[in-house]
Amino acid sequence: MTARESTSTVARPLRMEVSGLQSLVAALWTAGYRVLGPTVGEGAIVYGEVRTIADLPAGYTDEQDAGHYRLRQRDDGALFGYNVGPHSLKRFLLPPRERLFTTIRTGKQLAVEPEPVPTEKLAFLGAKACELAALLTQDRVFSSDQHPDVQYLARRRGMFLVGVSCTKAGGSCFCTSMGTGPKVESGADLALTEVVTASEHYFLVEIKTAAGADLASQLPLRPATIDEQRQAELRIADAATQMGRHLSTVGLKELLARSTDSPHWDEVASRCLSCANCTLACPTCFCNTVEDVTDLAGDHSERWRRWDSCFHDDFSYLHGGSVRASVKSRYRQWLTHKLSTWIDQFGTSGCVGCGRCITFCPVGIDLTAECAALQARTT
Amino acid sequence: MKGRVRPKLAVWKFASCDGCQLSLLDCEDELLQLAELVQFANFVEASSKVQRGPYAVSLVEGSITTAHDRERIQAVRADSAVVITIGACATSGGIQALRNGADVAEFTRHVYAHPEYISTLRDSTPISAHIKVDYELFGCPINKQQLVEVISAFLHGRKPRIYSHSVCVDCKLRGTPCLTVTRGIPCLGPVTHAGCEALCPSYGRGCFGCYGPKESSNPASLMQHLSTHLGQPDVALSRLLRSFTAEAPPFASARKPYEPAT
Ligand code: SF4
Ligand code: SF4
Ligand code: SF4
Ligand code: SF4
């Protein structure tokens, strides 16, 4: 991942016109990338192919709260004026279903055909700061020395990332609590900030990697003025004040570790549907299961992996039964893993404060509120 | 499998619409291969020839609604090594279980020209209320791929790849943005057993719950949320849980607070 390492020279931010963004998209396609970015689809802003900037959600935004997401219009024509939607980069790096190998039986012979390593080069336009933080969190899971994930790493290695700092925060956002946003500091090759004023619409561009510098050299950019930089900073600072949610992380790891018997878990379990939406929407949850498929004759079998969740009964099935048979124990596992044991395992929190689990819980269960309730019980 | 005696498979019909059995006929691509691996000892949708038991596997469609059927299912059990019930009727009593708790005699008077010919039990009950069932396959109708999967798993002595989780999981795998969250559409997906690959939500329609309750289903919480946050009126909520799997116990009890007072 050499191209991803930060460039040592901190270049001065540049100014890019909207037409320059079109050049950026075109340059990525020309360089052999499949460019994915925000598009309007099925009532939400989701990742889709971006051929031209006309595919971007110009003038769209979202309204989010616990169990609530609505696509809305905004009147300034901003291209990135929304917060994270139902999809995350996880969909592309760790696809929901993926074949791992195929076994063919001919007579008494078994032939195992491994799955080809993915070669497609993906570029993401418009990854927000929490999204990039989530990617780094998943990297730690899938690139461990003992168990590197070949498929994940092949996709990851070839990626190009154009981050966009948030200039508005949503009702479920709390990246400031987790120290992951709203500004794109790292994790991207290029970091953009969109500025829309009464008379102007432009981007502030920061080069973060050598690959980013390479691409930027092909674009019509000029050094940004102090005022242009200030305009961008103001908008990011504004977003930081708009966080719809807050999580107090002080002592949280320890609190969760000693709260296994809290009566609060029963209370959450009375509301929780164990539907798994939170874990599947979460950009860092990595759990998957493997399963075998055979044809009727048993001559052809395939091993697949698919997304799984600790909210499933089968997930903790050991000899004789499920270790987490109750919904209470499953919710506790989710919250405790995300915010406590993840730190023991990977050295960071498993939560980046994107708010997806809050927005996409069909009954609006909010992990920040559940943590606050646990904190209130013990103080 | 070649050279061995092919296991006998029988399909039995109780109170039902035949839709689930037809899923078996629908397995066009797999049917010929299946016929090489098993003997269709009783499958009247395909052939009126019935071979005698015992049967290795019996697929049972339909619910128990008559005294005669109540006896017949005992004979099926006695003659079958493995009993697999298929579909909403066989696993929960089906849409016909809406009569449970109502005045059946009055229904009969309204529906039939000669109600005196009708001999029926008061309730429509799932097969598992009468005999030991080895495996249940849900849905109205069942998913034919799941049926092939269960038969295939049986033939190879492995666990069937059937999930007990929510329909939501399939929405997430497909990438369908949640209808309830993004459009305020009431959906039973979070409390319903997977199997349809989130078919209805993928067409913008909330889940009807035709696969019945998922494992650890919590419809009471969902109803409460749909009522207080989505402003769904009581009548809509009680109807939501009054369809193909209305009498599955978690659904039947969760709709009680929203039923019109009688
Ligand atoms: S736990 Fe929730 S807020 Fe945190 S990263 Fe996952 S989805 Fe986002
Ligand atoms: S919270 Fe649950 S689904 Fe997410 S990574 Fe942890 S165990 Fe896996
Ligand atoms: S917290 Fe919400 S999204 Fe997560 S399993 Fe429970 S009900 Fe489903
Ligand atoms: S649309 Fe229905 S099934 Fe799909 S995620 Fe939402 S609640 Fe679940």
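Read-outs: derived from the displayed coordinates by stated rules, not from any lab. All values derive from a computational prediction rather than experimental measurement. Cβ: placed from backbone, ideal geometry, glycine included. Neighbour counts: every protein chain shown.
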Kirkwood-based Rg to Rh ratio, the protein assembly as shown, C-alpha trace:
1.03
Counting only DSSP beta bridges fully inside the stretch B:8-155, the antiparallel percentage to nearest 5 is 15
Where does each of B:28-40, A:332-344 land if you order them by average Cβ count within 10 Å, highest first?
A:332-344, B:28-40
Estimated FRET transfer efficiency when R0 is 35 angstrom, pair A:His147-A:Thr378 (beta carbons, to 0.05)
0.45
For the stretch A:249-321 and the stretch A:119-175, write down the distance between their C-alpha centroids in whole Å.
22
If you split all Cα-Cα distances of the stretch A:252-377 into 5 Å bins from zero, what percentages do you get per bin, shortest first?
2, 10, 18, 21, 20, 12, 6, 4, 3, 2, 1, 0
Computed over the stretch B:8-155, the ratio Rg/Rh where both radii use C-alpha atoms and Rh is Kirkwood
1.00
Quick numbers on the stretch A:1-147, Rg and Dmax over C-alpha atoms in Å, give 19.6, 68
Quick one: work out the % antiparallel among DSSP beta bridges in chain A, nearest 5.
85
Arranged by the count of other C-beta atoms within 10 angstrom, fewest first, what order do B:Phe14, A:Phe346, A:Phe360, A:Phe101 take?
A:Phe101, A:Phe346, B:Phe14, A:Phe360
Can you give me the Kirkwood hydrodynamic radius for the stretch A:14-240, using every pair of distinct Cα atoms, in Å to one decimal?
18.8
So, by mean Cβ neighbours within 10 angstrom, what's the order for B:52-61, B:77-86 with the highest one leading?
B:52-61, B:77-86
For the stretch B:1-128, calculate the relative contact order in percent as a whole number, restricting contacts to Cα pairs under 8 Å that are 6 or more residues apart.
27
Placing +1 on the Cβ of each Lys and Arg and -1 on the Cβ of each Asp and Glu in the stretch B:8-155, which of B:Cys140, B:Ser16, B:Ser119 has its Cα farthest towards the positive end of the resulting dipole?
B:Ser119
Amide hydrogen neighbours beyond the local backbone of A:Thr61, cut-off 5 Å, H modeled
A:Arg72, A:Gln73, A:Arg74
Have a look at A:Leu110, A:Gly126, A:Phe92 and report the one farthest towards the positive end of the charge dipole of chain A, computed about the Cα centre with Cβ charges (Lys/Arg +1, Asp/Glu -1).
A:Leu110
For A:Asn288, enumerate residues with amide H under 5 Å from its amide H, sequence gap 5+ or separate chain, H modeled in the peptide plane.
A:Asp308
Show which lysines lie in cross-link reach of A:Lys108 when reach means a straight Cα distance below 29 angstrom and same-chain residues fewer than eight apart are skipped.
B:Lys2, B:Lys8, B:Lys159
How much FRET efficiency would the formula 1/(1 + (r/R0)^6) give for B:Arg205 and B:Asp234, where r is the Cβ-Cβ distance and R0 is 22 Å, rounded to 0.05?
0.55
So what's the back-of-envelope 222 nm ellipticity for the protein assembly as shown, counting only DSSP H runs of four-plus at -39500 (n - 2.57) apiece and dividing by all residues, rounded to 500?
-9000 deg cm²/dmol
Of A:Lys90/B:Lys172; B:Lys144/B:Lys172; A:Lys90/A:Lys208; B:Lys13/B:Lys49; B:Lys49/B:Lys132; A:Lys90/A:Lys121, those spanning more than 20 Å from alpha-carbon to alpha-carbon
B:Lys144/B:Lys172; A:Lys90/A:Lys208; B:Lys49/B:Lys132
Expressed as a rounded percentage, what relative contact order does the stretch A:14-240 have, with Cα pairs under 8 Å and six or more residues apart?
23
Taking only the alpha-carbon atoms of chain B, what semi-axes of the equivalent ellipsoid follow from 5 times the gyration tensor eigenvalues under a square root, in whole Å, largest first?
33, 25, 14
If I take all pairs of Cα atoms in chain A, what percentage of them are more than 39 Å from each other?
21
Counting Lys and Arg as +1 and Asp and Glu as -1, what is the net charge of the other residues whose Cβ lies under 11 Å from the Cβ of B:Ser202?
-1
Chain A: relative contact order from alpha carbon pairs under 8 Å, six or more residues apart, as a whole percent, is 22
Roughly speaking, what is the stretch gain from A:Asp314 to A:Ala54, that is 0.36 nm per residue apart minus the C-alpha to C-alpha distance, in nm to one decimal?
89.2 nm
For A:Lys168, go through the lysines and keep the ones whose alpha-carbon is under 18 Å away, minus same-chain ones fewer than eight residues off.
A:Lys128, A:Lys183
At what distance in nm do the modelled label points of A:Val293 and B:Gln145 sit from each other, each positioned 7 Å from its Cα along Cα→Cβ?
0.7
Assuming R0 = 35 Å, what is the FRET efficiency of A:Ser19 and A:Lys121, from their Cβ-Cβ distance, to the nearest 0.05?
0.90
Taking the square root of 5λ for each eigenvalue of the C-alpha gyration tensor of the stretch B:167-258, the equivalent ellipsoid has semi-axes, largest first and in whole angstrom, of 20, 15, 10
How large is the convex hull of the Cα atoms of the stretch A:284-356 per residue, expressed in Å³ as a whole number?
138
Antiparallel %, DSSP beta bridges [both residues in the protein assembly as shown], to 5
65
In degrees rounded to 10, the 0-90 angle between helix B:28-37 Cα long axis and the longest Cα principal axis of chain B is 40
